[in-house]
Every structure is written in structure tokens, then in C-alpha cells.
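Below: the structure, in C-alpha cells.
The values are calculated or read from the model by the stated rules, or taken from the named source; none is laboratory data. All of these numbers come straight from a predicted model, not from anything done at the bench. Glycine gets a Cβ as well: all are built from the backbone with ideal geometry, and neighbour counts include every protein chain shown. Keep in mind that these areas ignore ligands, DNA and RNA; they rest on the heavy atoms of the full protein, side chains included. Shrake-Rupley method; radii C 1.70, N 1.55, O 1.52, S 1.80 Å.
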Amino acid sequence: MFAHLINFYHVGTKNEDDTQIWQKHRSAPTIKLAVINRESLLSNIKNQIEKQFERLANSIFENRYKTLVIVLVVAACLMSQLPKTTMDTSTESFLHENDPALKGYERFRDQFGRENMIVIALNPPNIFDEHFLADLRALHDDLEENVPYLEDITSLVNARNTYGIEDELIVDDLLEKWPETPEELKEIEKRARDNPIYKNLLLSEDGNFTTIVIQGDTYSHEGLTLDETEDFGDNIEDETQQKKYLTDEENGEMVAAVEEILKRHPFNNTEIFAGGSPVVGHFLKRVMSKDMRKFTVISVSTIAVFLFIMFRRISGILLPLFIVIVSLLSTFGLMAATRTPLKIPTQILPSFILAVGVGYSVHILAIFFYHFNQNGRKKQAIAYAMGHSGLAVMLTGITTASGLMSFSTAAVAPIADLGIFAAAGVMLAFIYTVVLLPALLAVFPIKSKPVSGNENSNDIKMDRLLAYIGSISINYPYRVLCVAFIIIIVSAWGMLKINFSHNPLKWLPKTNAARIANERIDKELKGSTSMEIVINTGQENGLYEPEILDRLEKSVDFVENYTSDKLSVGKAWCLTTVLKEINQALHANDKNFYTLPRDKNLIAQEFLLFENSGSDDLEDLTDSRFSMARFTIKAPLIDAIEYAEFVENMENHFRKTYPEAEIEVTGIIPMYVRIIHSAIISLRNSYGYAMIIITIMMILLIGRIRIGLMSMIPNVAPILVILGIMGWIKMPMDLFSMMVGSIAIGLAVDDTIHFMHNFRRYLEEGNNAGDAVLMTLQTAGRAMLITTCVLSIGFFTFIFASIGNLYNFGILTATTIILALLSDYFIAPALLIVIYRKKGEA
């Protein structure tokens, strides 16, 4: 039933003896000798490898218990690292550690701390109602006391309130003196509504929403004692070697604590929304953990059902599942050992390794059971199966791993991780299959059984179906190729309509609380994410210069008035905001003096007065030398593609406005742009690398350049079609769908090799091209169908994903694999018939 998956091709085109060939090419004896030598060399290599697999099988059978112990000890060593497994869903995790964008972001955090905040937005009937303010203070105090890793918390309770009394500058909290009369409450409301810095930060423009903004610590607390944690800030300053940033796990603890505290504070008639990038990342991590377990259970269950239908044996179910589960756990152990965290794209690993790995066991077990049922001798059956399919499994593993390794150079870190560890998982599955599976077969009690008549009946039905498929390509090859050509042209047209996308918020279901919260915050408070620009004058006290401060103020106006059809800025602020507050306060709180002082010495004095007031807010806006200014832009969270023009315009503005200064653009928004830009480049490179690597391998394995190149057509066509479908149905090309092509071609090429090998072998046995196609479909075609079923089922499990882009990835990849089978069933035979008909051999 099952034929070899792979073989080396002979050079001749007919079953001719050496004398006939010599006479045919007697005018070129040197060329003929080279042809015969190459043919003999390839054949000898193939035979030697197959014999080595047989020897390996016999050796394993004789030393089955030693083999089991050694392999399981190695697997146990890898799996012992599993407790060290971590997850990281942060935006920073999408970039490599040495990425310039990430390095710039780290420099910013070292200087100014974290800028991605947890935002709690509240929508009460009346913000400045004494009962609501009392509830707000209780919530604020609870959060301040019980949220771990808290660096700062800001709300109306402790919002900066700068004012002057005679010649004294006062900087205290807005509600430091609690209002006891309606008049005092009205005064508090007036101060809040009149303060420009509160707008779209602590109060919405319409005054209906207020916020609590939570900032986490910059650095991780891992490894610190309780005393060290209490003195955390001093430890960071004193111990410069501690540079590990707050981890994704610690961020998750913060978000979980906020969620629990919110449950303890029910507000009457008040909507509460908890958003911000830490909340989105925490939800993605929870979904990823739940989905990975779900995908694994579904994949194992469906594979078990498939194995039962195929083998009708307990051993045929348990042994392949054991092999792939050990392969999967070993892969995750390898990730943990190398301190590589699980990230959003790498959550596809379980289903992928289970689907791909089980195919290797299936090919060997199919031959083993067939041979074992014929003679009942287990040792010979194991050796025969290994000699028959060992080389096939090895080469299909190499081609699959080659396609995956095309991701290893990706500029997007999780895609590179996926390429490396998926390839490692494929090779581990191969190693366990050819080493552990024979040992298990030798130990596991298995009885031979005759083939039933029902199975023969099923075989006849399958033969008829495959013969009918073959007859279409044999009798109407030009029509088949014409239809395929039209489909490819239409698909190519659709590819031009593809749009790229990267918006983690849109990955979440529309009903998800984190998505609803962020979208509401974006709408009511004009933004939930930020962009940071650091302007480094390089001069101590350079920010005392009125001319530079004037330019900063003009930049605030420019940014806040920036609008496009894709984005409008919610707020922009910098050091000048505080300076104008100080200047107004020192001029009897006169609004007419909410301006910048014109004298350098006066500016220095006002900043000194502010610092002496006890406020440390300047630390968030400049360095201790007053040489570096932080400029913050608050904007809604939209697609990274739509940010690109905005980031470019902002960068151009600041570089043009401050030519003497060093400008660094960073924050979540620029990193989003960097991620999608890197992903597009990685897509181009990975597709190119996969095509080149696999084409070269096909040529080397087949032994002929022309047939090797031609064999890529059935592999490329399904990818073009699926990309065209994406364009026509307007499905965005995101980080997941970008991977479909390289993954699919690495899997689809195995079936093409299988088909081409068998066709060539039957042709060399003296059959014409038409008969060779039919015989190939009735042998190799069966294995191809089984492999496609396993792989597509593995990827179809992603339809149960909680995030939309993973759902799309599963549908696209599974569909591509099915299209690849159809391509090998129709396009490949039609091409072969046309080529050999021209030679008169069809």
C-alpha cells in the first residue's frame, strides 16, 4: 500500500541496457561515461543509506532495552527543563535583544521609567460628587497599597496641583485637603477642569470620564529579598549590574491584582474599564496558555481517531502518540533550556509538531504492519520498514526543517524562534521515530493479523477514485494546465490587493473586556498608547534656554493639531507644561501668565523652586542635568501600518526643528511600526530562502535540474492561490498569515518528492507516462492523502482559537496543504504527461 517516500532518480528515460545507451550516444562517449557514473553513484549512495537504516534497526532490536533507557534519559533531561518555561506577550518580545529600536526603548526606560501604563477609566453620573470622590479615593488607596511592583499611581486624588500663595510656590495633591462644603467641592472641580494637563489624561474633554493611571517599576524584582524590595529604587541606582526589566510574569501579577481590587470596589451607576497595553498583553498570555492546552488536546484526540481508523491496533495508536508527545515535550524543554520564552506566534508549535511528527511514525508503521502481517517475524519487519522508509523520513524531515529554518533570520524575534524550534522539533521527531520507535516495537507485544476483506474492498474504492483523478490529467493535460494557469493569474491579481496589518488589539474578540476597554478609552480620552521623543541637547542646563523651550512649545502645538484620515493625536506634553504652571502660580495664579518665562536665569529659578516644593515630577520629564527633554505624544491604538506615516512625519519634524540635538524616537507606537516593517522584510526573505533551499534540495535529490525546477510548480501554485484568496476576501496579512507560505511549502514539498520519485521509478520499469501516473497515484497517492489528512487536521484545530488571527492562520495553512495535494494530483501529472508526450513516451 505504501511506497518509498523518496528515492534518487536515474538519469535515463527508458528501460535501456548499457549497449543500447552506448550506441545511442556513441558520438559522445565521454558524456555517456559521466552519465553512467553519476547514475551508479546516486544508486550506490541510496542503497548504502537504506542498508544503514536496516543495520540500525537490527542493532536497536538486539539492544532494545539499552536503547530505550538511553533515549528516554536524554528526553528526560530535556523535559526536566520544562518548569523553567516562561511566556512573554509584551510588545518588546517581538524584537531581538540587539534590535536598535529595542535598545533605544531600553535607554528611554533607564532614564524615565516605564511608559506603558495600566489605565482605569471610570464613567460615573457626576465625577465631582462627594460620594464618588470618596469611592475613588478608597479605590486609589487600595491600588496603591496592594498592587505589586508599583512605581506610581495618579488620579484626581493625588493629581499635581500647582498654585501660589503670595510669593510661595505650593505643589500638592488636588484632593490633599478634602472638600467639606459644596463651595470647596466647586473650587476643586474648577481647578481640575481649568488645568490643561488634566485634559485627556485624568479627565475626558466632556468631563464624563476620569482615570486612574498605574505605572509599574522599570526593573524586575526577581531574586530580591523583602528588604531589598522595599528599598528597590536605591538598589537599582547602587547596583548598576541589575538591568533586568520588569518581566511579563510580574506585569501579569500587576494586572491580576488590579482586576481583583476592582472587584472589591463596586461603584454605583459607574462604568469601569481597565485598559492599556499591559492589560492587553496579560489577556493575550492567558488566552495563549488556555489555547495551547486546547489545541494539544484536540490534536491528540483527532490524531488518535485517525490512527485507529488506519491501523485498528492499540499499538498503532499508542506508539505514534508517545513518539510525538515526547518530541513535543523535548522541544519545549529545549526552549526552556535556552531561556527562550513562549510568545504569541510560537503557540502553534504543539499542533504543528504533533501533526508533522506523527506522519513519520505512520510511514514506518504502515510498512512494518504490512510486512509483519505477511510473515509474522517482528525483527525482519522492523528492519524492512526502516530500510524501506528510513531514508524517506529523513529527507522529508530535512525538507520540512529547511522550509522552517527560512524564518531563523527573521527580524521579528518570535518568528525567528518559531523557525528555529519548529525545525528542531521536526528533527527531534525524526530522531525519536528512527531510534525510539523500533525499540518500542521490539518491546511492545504485537500480534500479526490477516488483512480483512473489508479492507480490500476499501482499497478497491480508493484505487478507483485515484484512477479517475489520474485519467483526468492523462486524457486532458492541456485543459488541466489551462484551468490551473487561469486560477494562478486570477490569484496573482488578488495578491495585489493584500494589505499588511499588525494590531494586537484587533486579535481579541469584539466582546473581549480588554478590547472593549481600550477602544472606549481611545474614544473618550483620545488615546491609550504613546510615542516618546527624547531631545538631547548635549549641554548641561541646555533646557534653560528660552529659545529651545519656545521650540518645544511650538512642537506641542504642531503635534496636538496633527490630523490625518488615519490618526488624530489626543495629547502632547513636555517640560514646558510644568514651567507654565510654575510661572502662572508665581504670578498670583493669573491665567495670563500661563506662558514661558523669557529669561534664562528666571527659568532656572522657577525650576529650582518647583524641586524644592517636594515634587519629583521633573524626573519624568528631564534628566538631572537639564540637558535632555522627554516629549510624550498620546494617541489611539490603531494598526501599525497606519502609524507609519505619522511616525515618519513626527521624526522629520523633530529632526528639522532641533538640528543641533540628538533625537531618539521610541515608545510603543514606533515599535509597532518597526515590528510590521521587519515582518514584511522577513516575509520577503523567508519566502525567498525557502524557495531557494527547497529548490536546490529537490534538484539534488532528483538528480536533474529541469525536473527539479518543474517539480516546484505544484508546490508554488497552492501558495499563490491562497495569497490570492486573501487579497480577494480582504483578509489582512499579519504576523501569522505571513508564515503560511514558508510553512506550507516545507510540508507540501514532501508529497511532491513522493510523487516524482514513484513516477520516475515506474517509468524506468518500462511503463509509459500515463501508466506511470496511474501507478504512482495508486501507491504514492495513498500516502500523500493520509499525510494531508493528518497535517490539515492538525492546523484546522486552530479554528477553536480565541484570537482571530490564529483562527485565520489555521484555516489558511490547512487549506494550502489541501490545495498542495490537489496540485500534486492534477498539475504534476498533467505537466509530466505534456513533457513526455512531446518525447513520444506518453
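Could you list which residues have their amide H under 5 Å from that of D623, counting only those 5 or more apart in sequence or on another chain, with H placed in the peptide plane?
Answer set, sorted by chain and number: M628.
List, in order, the whole-Hz ³J(HN,Hα) value for each residue of region 803-814 obtained from phi through the Karplus relation with A = 6.51, B = -1.76, C = 1.60 and θ = phi - 60°; use x for Gly and Pro.
Those phi angles translate into 10, x, 5, 6, 4, 4, 4, x, 4, 5, 5, 4 Hz.
Determine the gain in length on full extension of the stretch E765-I681; use 0.36 nm per residue of separation and subtract their C-alpha separation, reporting nm with one decimal. Could the numbers behind the result be given before it?
On the way: separation 84, 0.36 × 84 = 30.24 nm, distance 4.69 nm.
Answer, rounded to one decimal: 25.5 nm.
Show me, for region 674-689, the HN-Hα J-couplings you get by feeding each phi into the Karplus relation (A = 6.51, B = -1.76, C = 1.60, θ = phi - 60°), rounded to Hz, glycine and proline as x.
Each residue's phi maps through the Karplus curve to give 4, 5, 5, 5, 5, 5, 5, 5, 5, 4, 4, 5, 5, 5, x, 4 Hz.
Show me, for region 757-771, the HN-Hα J-couplings you get by feeding each phi into the Karplus relation (A = 6.51, B = -1.76, C = 1.60, θ = phi - 60°), rounded to Hz, glycine and proline as x.
Once rounded to whole Hz, the list reads 4, 5, 4, 5, 5, 5, 5, 6, 7, x, 7, 6, 4, x, 5.
Using a Förster distance of 35 Å, how high is the FRET efficiency between N612 and R107, based on the Cβ-Cβ distance and rounded to 0.05?
Numbers: r = 29 Å, r/R0 = 0.83.
With a Förster radius of 35 Å, E is 0.75.
Add +1 for every Lys or Arg and -1 for every Asp or Glu among the other residues with Cβ under 13 Å from the Cβ of G359, and state the total.
Values: positive: none; negative: D750, D751.
Charge balance near G359 sits at -2.
What is the distance, in nm, between label points placed 7 Å from the Cα along the Cα-to-Cβ direction at N146 and at S301?
My value for the distance between the label points is 3.8 nm.
For the full complex of protein chains and a 1.4 angstrom probe, list D88, D194 by accessible area with the highest value first. The partial results should precede the final answer.
Details: D88 35, D194 70 Å².
Listed by decreasing accessible area, they come as D194, D88.
Return the Cα extents of region 316-394 along principal axes one, two and three, sorted largest first, each rounded to a whole Å.
Cα extents, longest axis first: 49, 20, 19 Å.
Using 21 Å as the Cα-Cα cut-off, could you pick out the over-long pairs in K84/K290; K523/K656; K566/K730; K199/K526; K103/K523; K510/K730? Don't jump to the answer; show the numbers that get you there.
Working: K84/K290 18 Å; K523/K656 32 Å; K566/K730 18 Å; K199/K526 10 Å; K103/K523 32 Å; K510/K730 19 Å.
Over 21 Å Cα-Cα: K523/K656; K103/K523.
Have a look at region 362-440 and give its Rg and Dmax from the Cα atoms, expressed in angstrom.
Final numbers for Rg and Dmax: 16.0, 55 Å.
Please compute one quarter of the surface area of the Cα convex hull for region 345-490 and express it in square nanometres.
Working: hull surface 51.4 nm².
For region 345-490, averaging the hull's shadow over all directions gives 12.9 nm².
Where the Cα atoms of region 263-411 are projected onto their three principal axes, how long is each span, largest first, in whole Å?
79, 37, 22
Looking at the square roots a ≥ b ≥ c of the eigenvalues of the Cα gyration tensor of region 171-218, which shape do they give, rounded for a/c under 1.5, prolate if a/b is larger than b/c, or oblate?
Judged from the Cα gyration tensor, region 171-218 comes out oblate (a/c at least 1.5, b/c at or above a/b).
Can you list which of the trypsin sites (Lys or Arg not before Pro) found in region 99-203 are DSSP loop residues with at most 14 other C-beta atoms within 10 Å?
Working: sites: K103, R107, R109, R114, R137, R160, K177, K186, K190, R191, R193, K199; in loops: R114, K177.
When the trypsin sites (Lys or Arg not before Pro) of region 99-203 are filtered for loop state and at most 14 Cβ neighbours within 10 Å, K177 remain.
Using a Förster distance of 35 Å, how high is the FRET efficiency between K186 and K263, based on the Cβ-Cβ distance and rounded to 0.05? List each step's numbers first, then the result.
On the way: r = 33 Å, r/R0 = 0.94.
The value I calculate is 0.60.
When 1/r is averaged over all different Cα pairs and the result inverted, which Kirkwood radius in Å belongs to region 722-792? Walk me through the intermediate numbers first.
Numbers: mean 1/r = 0.0706 Å⁻¹.
The Cα-based Kirkwood calculation yields 14.2 Å.
Sort C789, C574 from largest to smallest accessible area, using a 1.4 Å probe on the heavy atoms of the protein chains. Intermediate values should be presented prior to the final figure.
Working: C789 50, C574 0 Å².
From most accessible down to least: C789, C574.
Enumerate by residue number the trypsin sites (Lys or Arg not before Pro) in region 579-661 meeting two conditions: DSSP loop (anything except H, G, I, E, B), and at most 11 other Cβ atoms within 10 Å of the site's Cβ. If you can, show how the numbers build up before the last one.
Working: sites: K580, K591, R598, K600, R625, R630, K634, R655, K656; in loops: R598, R625.
In loop regions of region 579-661 (DSSP not H, G, I, E or B), the sparsely surrounded trypsin sites (Lys or Arg not before Pro) are R598.
Please return the longest range in the chain lying between exposed loop sites, taking GluC sites (Glu not before Pro), DSSP loop only, at most 13 other beta-carbon atoms within 10 Å, and leaving the sites out.
Values: sites that count: E97, E166, E176, E180, E205, E222, E239, E540, E660, E765.
Longest site-free region, per DSSP loop and neighbour criteria: 240-539.
Stretched out fully, how many nm does the piece from K379 to F593 gain, at 0.36 nm a residue minus the Cα gap? Mind showing how you got there, number by number?
Values: separation 214, 0.36 × 214 = 77.04 nm, distance 9.51 nm.
Working it through step by step, the gained length comes to 67.5 nm.
I'd like the accessible area for T85, computed on protein heavy atoms only with a 1.4 Å probe and all protein chains in place. Round to 10 Å², please.
60
What ranking do 317-324, 471-478 get when scored by the average of other Cβ atoms within 10 Å per residue, highest first? Working shown, then result.
Values: 317-324: 21.4, 471-478: 17.4.
Peptide ranking by packing, descending: 317-324, 471-478.
Quick one: if you stick a label point 7 Å off each Cα along the C-beta vector at A467 and L822, how many nm between them?
About 2.5 nm separates the two model spin labels.
Run the numbers for L602 and T338: contour at 0.36 nm per residue of separation, minus the present Cα-Cα distance, in nm.
Additional length available on full extension: 89.4 nm.
How would L496, L133 rank on accessible area, largest to smallest, probe 1.4 Å?
Details: L496 145, L133 0 Å².
My answer, sorted largest first, is L496, L133.
Considering region 45-119, what Rg and Dmax in Å follow from its alpha-carbon atoms?
Final numbers for Rg and Dmax: 24.8, 67 Å.
Got the relative contact order for region 641-732 handy, in percent, Cα pairs under 8 Å and 6 or more residues apart? Walk me through the numbers before you get to the answer.
Details: 26 pairs, mean separation 15.5, N = 92.
It comes to 17 percent, rounded to a whole number.
If you take every DSSP beta bridge whose two residues both sit in the chain, what share of them, in percent to the nearest 5, is antiparallel?
Working: 41 of 44 bridges.
About 95 percent, rounded to the nearest 5.
In terms of the ratio Rg/(2.2 N^0.38 Å) built on C-alpha atoms, what value belongs to region 280-344? Mind showing how you got there, number by number?
Details: Rg = 15.0 Å, N = 65, 2.2 N^0.38 = 10.7 Å.
After normalising by residue count via 2.2 N^0.38 Å, the value is 1.40.
Above 19 Å lies some portion of the pair distances; for region 119-199, what is it as a whole percent of all C-alpha pairs? The partial results should precede the final answer.
On the way: 1346 of 3240 pairs.
The proportion of pairs with Cα distances above 19 Å equals 42 percent.
Counting residues in region 503-612 as N, plug N into 2.2 N^0.38 Å and put the Cα Rg over that result.
Working: Rg = 18.5 Å, N = 110, 2.2 N^0.38 = 13.1 Å.
Here the answer is 1.41, to two decimals.
Can you tell me what percent of all Cα-Cα pairs in the chain are more than 34 Å apart?
Of all Cα-Cα pairs in the chain, 60 percent lie more than 34 Å apart.
Per-residue ellipticity at 222 nm for the chain, helices alone: DSSP H runs ≥ 4 residues times -39500 (n - 2.57), over residue total, nearest 500 deg cm²/dmol? Display every interim value, and only then the final one.
Details: 29 runs with 529 residues, N = 842.
Rounded to the nearest 500, the figure is -21500 deg cm²/dmol.
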